[in-house]
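The block underneath contains the structure these notes are about, expressed in structure tokens.
The values are calculated or read from the model by the stated rules, or taken from the named source; none is laboratory data. What you see is a predicted model; the values in this text were computed from it and never measured. Cβ placement follows ideal geometry from the backbone for every residue including glycine, while neighbour counts extend to all protein chains displayed.
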Amino acid sequence: MVIPEENLVLPAGADIGTLFKDNEDDNTFQGSSVPDVYELTSDSANIIQGNLTQLNGDSLSQFHSDDVILVKNTQFTSQQLTFNENTLQIDVNNDGETDANIILEGDYSNGSLIVKQLLNDTIIAFNTSPTAVFLANAITELNNNILVRDGIQLAEIVIEDDDLGVNEISLTGKDKERFEVRDNALFLIGANPNSEIQDEYEVTLNVYDPTIDNQPDVTTNYTLKIVNASDNVDALLNSPFYRFQNSDFHGIYIWAGDKERQTINQNYPNFKEEGVAFKVAIEPNDNLIQFNRFQNELGAYLYVGEAESQNIRENYPNFKEEGIAFYALDGNANRGIDIYRLQNTQQPGTYIFVGEEEKNNILANSPQFQLEGVAFEAIV
């Protein structure tokens, strides 16, 4: 809540009752020690301030949601405040005796009285219902079988309100169990989405202020589509790469495109083909990252992006660069399938690149392999 502090308007005298009239400006009115009258007919935001003596007996005509009463040098809670018809009664000492009466004339049917403490003072205002809710920075599509893990943030929830009261968010709709609200953000939760089972999820966000009622004041609908990653990138990643294992040195692999695959099969019988590992690109593209191939003194192959390539060139002379291997999506692109890199700690310097299922199987059954993270994204 932002309190306007524009123009200070004082009474005719410290003990002279005064008629205050607002204008189009935001004003701060300070009354006298005897009853004053305030005509708040414009749409401006006004502060009516004073201590209990100065506010006692005052009459506020057309007091509305943009106006506030600022009780100076006094602190109290909503339990010490009663609103009897059009009279606001303040009992600061909780002794059953009213310390100040303020007459409020206006329509408060769409709001409720809110009390907030500010330093040594207390603010009284009428809380109104939230006026709008919308989703910012929303993700409307996710790839099929993307890893949900602890949840994927889909959007930020923005609520337009007067900053008073407390807003609650509830979810409704046929797919509400797949969504969760955390810290004013919408998350996807649960199992990894499978477009063959369900390719679209819908939910409605309902916002209400429980200090007013428990009925939704504003709502917004959200739809998440699950798309097959290959549908988005098959024009980019259309070159299959095959995995070969060196039968003479178990744990050493090489990944090769069609042309090199033929050479290996014809000339290197010690390399056994294991099938298509993934699909990448052999031509550069602004949406793809270049991956270079290195071979170390063990004969093992490593495929890395340019940043890691530079580190290898400068610090690891045992790795010999063999050139550009392929182009693939960045590991954080969320447009393809994650390809993980693992290193065999029993044979340091030997690596394997695998998808999710094989990665899980290796980690469960071959503890000598250490996961080094997502290397890139491809199509499988």
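Looking only at strands (runs of 3 or more DSSP E) that lie completely in the stretch 246-338, which have at least 2 residues being touching a helix residue (DSSP H, G or I) at 6+ places or on another chain (Cβ under 7 Å)? Spell out how you get there, then give the answer.
Numbers: elements: 253-256, 271-280, 289-295, 301-305, 320-328.
Hits in the stretch 246-338: 271-280, 289-295.
Could you identify the single residue in Ser195, Ser170 that is in a strand (DSSP E or B) and either of a type in the set (Gly, Ala, Ser) or touching a helix residue (DSSP H, G or I) at 6+ places or on another chain (Cβ under 8 Å) (or both)?
Values: Ser195 fails: in a strand (DSSP E or B).
When all the criteria are applied, what remains is Ser170.
This table checks each residue for (1) surrounded by 16 or more Cβ atoms within 10 Å (Cβ to Cβ); (2) under 30 Å from Phe179 (Cα atoms).
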{"residue": "Glu202", "(1), (2)": "no, yes"}
{"residue": "Asn238", "(1), (2)": "no, no"}
{"residue": "Phe244", "(1), (2)": "yes, no"}
{"residue": "His250", "(1), (2)": "no, no"}
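Quick one: which residue in Glu283, Glu322, Glu297 is exposed (fewer than 14 other Cβ atoms within 10 Å of the Cβ), closer than 26 Å to Asn143 by Cα and free of Cβ contacts under 8 Å to residues at least 60 places away in the same chain? Break it down stepwise before answering.
Details: Glu322 fails: closer than 26 Å to Asn143 by Cα; Glu297 fails: closer than 26 Å to Asn143 by Cα.
Exactly one of Glu283, Glu322, Glu297 is exposed (fewer than 14 other Cβ atoms within 10 Å of the Cβ), closer than 26 Å to Asn143 by Cα and free of Cβ contacts under 8 Å to residues at least 60 places away in the same chain, namely Glu283.
Which condition number in (1) crowded, with 20+ Cβ neighbours inside 10 Å; (2) among the polar types (S, T, N, Q); (3) not assigned by TED's automatic domain parsing to the domain that holds Val207 is the one that Asn86 fails?
Checking Asn86 against (1) crowded, with 20+ Cβ neighbours inside 10 Å; (2) among the polar types (S, T, N, Q); (3) not assigned by TED's automatic domain parsing to the domain that holds Val207, the one that fails is (1).
Sort through Thr131, Thr122 and tell me the only one that's surrounded by 17 or more Cβ atoms within 10 Å (Cβ to Cβ) and closer than 30 Å to Ile48 by Cα. I'd like the intermediate steps shown before the answer.
Working: Thr131 fails: surrounded by 17 or more Cβ atoms within 10 Å (Cβ to Cβ).
None of the others qualify; the one that does is Thr122.
Might you check whether a residue that is acidic (Asp, Glu) and under 30 Å from Asn143 (Cα atoms) occurs anywhere in the stretch 235-251?
Residues of the stretch 235-251 that are acidic (Asp, Glu), as a first pass: 248.
After this cut, where a residue has to be under 30 Å from Asn143 (Cα atoms) as well, the list is none.
Within the stretch 235-251, none of the residues are acidic (Asp, Glu) and under 30 Å from Asn143 (Cα atoms).
Quick check on the stretch 48-58: of everything there that is among the polar types (S, T, N, Q) and surrounded by 18 or more Cβ atoms within 10 Å (Cβ to Cβ), which residue is farthest from Asn27 (Cα to Cα)? Break it down stepwise before answering.
Of the stretch 48-58, the ones among the polar types (S, T, N, Q) are 49, 51, 53-54, 56.
Of the ones still in play, those that are also surrounded by 18 or more Cβ atoms within 10 Å (Cβ to Cβ) are 49, 54, 56.
Numbers: Gln49: 11, Gln54: 17, Asn56: 20 Å.
Across the stretch 48-58, the extreme among qualifying residues is Asn56.
Restricting attention to the stretch 75-103, which residues are touching a helix residue (DSSP H, G or I) at 6+ places or on another chain (Cβ under 8 Å), closer than 21 Å to Ser32 by Cα and assigned to a loop (DSSP other than H, G, I, E, B)? Explain how you work it out, then say what you get.
Our first condition is that a residue be touching a helix residue (DSSP H, G or I) at 6+ places or on another chain (Cβ under 8 Å); within the stretch 75-103, this holds for 90-92, 94, 99-100, 102.
Now drop any that are not closer than 21 Å to Ser32 by Cα, which leaves 90-92, 99-100, 102.
Hits for the stretch 75-103 are Asp91, Val92, Asp99.
Given the conditions (1) crowded, with 17+ Cβ neighbours inside 10 Å; (2) of a type outside the set (Lys, Arg); (3) not in a loop (DSSP other than H, G, I, E, B), and given that Glu156 satisfies all but one, which numbered condition is not satisfied?
(1)
Given the stretch 1-72, what strands (runs of 3 or more DSSP E) lie entirely inside it while holding 2 or more residues that are modelled with pLDDT of 85 or more and within 21 Å of Thr128 (Cα to Cα)? So that I can check it myself, show each step before the final result.
On the way: elements: 7-9, 19-21, 27-30, 37-39, 47-50, 59-61, 68-71.
Strands (runs of 3 or more DSSP E) meeting the threshold: 47-50, 59-61, 68-71.
Given (1) at pLDDT 80 or above; (2) under 40 Å from the mean Cα position of the chain (by Cα); (3) of a type outside the set (A, V, I, L, M, F, W, C); (4) under 21 Å from Val276 (Cα atoms), identify the lone condition not met by Asn232.
Status for Asn232: all satisfied but (1).
Among (1) at pLDDT below 95; (2) closer than 22 Å to Ser239 by Cβ; (3) not β-branched (Val, Ile, Thr), where does Gln346 come up short?
(2)
Looking at Ile152 and the list (1) hydrophobic (A, V, I, L, M, F, W, C); (2) touching a strand residue (DSSP E or B) at 6+ places or on another chain (Cβ under 8 Å); (3) not assigned by TED's automatic domain parsing to the domain that holds Thr223, which single condition is not satisfied?
(3)
If a residue has to be of a type in the set (Asp, Glu) and under 17 Å from the mean Cα position of the chain (by Cα) to count, how many in the stretch 172-190 make the cut?
Of the residues in the stretch 172-190, the ones of a type in the set (Asp, Glu) are 175, 177, 180, 183.
Retained after the next criterion (residues that are under 17 Å from the mean Cα position of the chain (by Cα)): 180, 183.
Number of matching residues: 2.
Could you list, in sequence order, all residues of the stretch 210-222 that are out of contact with any Pro (no Cβ under 6 Å at 6 or more places or on another chain), surrounded by 13 or more Cβ atoms within 10 Å (Cβ to Cβ) and not hydrophobic (A, V, I, L, M, F, W, C)?
As a first pass, look at the stretch 210-222 and keep what is out of contact with any Pro (no Cβ under 6 Å at 6 or more places or on another chain): 210-216, 219-222.
Then drop every residue that is not surrounded by 13 or more Cβ atoms within 10 Å (Cβ to Cβ), which leaves 211-212, 216, 219-220, 222.
Result: Thr211, Pro216, Thr219, Thr220, Tyr222.
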